[in-house]
1. What is the percent carbon and sulfur in the accessible area of region 65-177, measuring with a 1.4 Å probe over the protein chains and ignoring ligands?
2. If r is the Cβ-Cβ distance from ARG172 to ASP80 and R0 is 22 Å, what FRET efficiency results, to the nearest 0.05?
3. How many nm separate the modelled label positions at ILE87 and HIS51, each set 7 Å beyond the Cα in the direction of the Cβ?
4. Which Cα, out of LEU23, ALA151, LEU6, lies furthest along the positive dipole direction of the chain (beta carbon charges, K/R +1, D/E -1)?
5. Is any residue of region 51-74 close enough, with backbone N under 15 Å, to a label point placed 7 angstrom from the Cα of ARG144 along the Cα-Cβ axis, and if so, which?
6. Go through region 113-177 and name the trypsin sites (Lys or Arg not before Pro) that are in a DSSP coil and have 14 or fewer other Cβ atoms within 10 Å of their Cβ.
7. Which order do HIS9, HIS51, HIS98 take when ranked by solvent-accessible area (1.4 Å probe, heavy atoms of all protein chains), largest first?
8. Going through region 77-107, which chymotrypsin sites (Phe, Trp or Tyr not before Pro) have at most 16 other Cβ atoms within 10 Å and a DSSP loop state?
Amino acid sequence: MTQTTLEPHEIAARLIDEAGGQLVGRTRLQKVACLATLAGFLDAFPFEYRHYGPFSEALAGSMEIATGLRIVEEKEERADWGGWYSIYRKTEKTPVGHDADRRRFIAKAAEIGPILLELAATAAFLNVKEGLPGPEAWAETARRKPDKADAGRLEAAKRAYKQLLSLKMPQRLPAIV
């Protein structure tokens, strides 16, 4: 059997299928992909730290190509606060993911609320990329995101992250909780 190698824009598009066919928000896309990368499911996109946490310019560009080719549909809607957000939906051209563990992981990560997902992905990223031990990674996350990281949200983000840790993955997420 011949294995087909996907282009980066197809890999980005497949995330939408694996998230259940729809994923709301560019930030959510970035954080789901970052956690999938840390869990060993994905290696196509390098991440760096930006204002909203881990970010991959390559992923953003790949998703633009995927939407331009109509492999994924992107609909922009106005948020209650006046800004805009994207809703990504799969199309008949979207590559289908067949790895059940990867699909389960990405779908579970995509279900996490956007702020909790941002906090969890940031703490995991800081642990891996900056070598901060678990408690320090969470403390640094709170320092960098004071408007989002109150004690209740941090605890909720840790609980959500712990649920991801319980899933099967090729490479263990950092044990920061």
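1. Details: 3280 of 6360 Å².
After summing per-atom areas, the C and S share lands at 52 percent.
2. Details: r = 38 Å, r/R0 = 1.72.
Step by step, r from the Cβ atoms, then E = 0.05.
3. With each label placed 7 Å out from Cα toward Cβ, I get 2.6 nm.
4. Highest projection toward the positive end goes to ALA151.
5. Output list for this probe position: 51-57.
6. Working: sites: LYS129, ARG143, ARG144, LYS148, ARG153, LYS158, ARG159, LYS162, LYS168, ARG172; in loops: LYS148, LYS168, ARG172.
Filter output for region 113-177: LYS168, ARG172.
7. Values: HIS9 35, HIS51 135, HIS98 165 Å².
Putting HIS9, HIS51, HIS98 in descending order of accessible area: HIS98, HIS51, HIS9.
8. Numbers: sites: TRP81, TRP84, TYR85, TYR88, PHE105; in loops: TRP81.
Answer in residue order: TRP81.
The values are calculated or read from the model by the stated rules, or taken from the named source; none is laboratory data. The structure displayed is predicted, hence computed values, not measured ones. For neighbour counting, all protein chains shown are included, and Cβ atoms are generated from backbone atoms with ideal geometry for every residue, glycine included. For accessibility, only protein heavy atoms count, side chains too; no ligands or nucleic acids. Shrake-Rupley method; radii C 1.70, N 1.55, O 1.52, S 1.80 Å.
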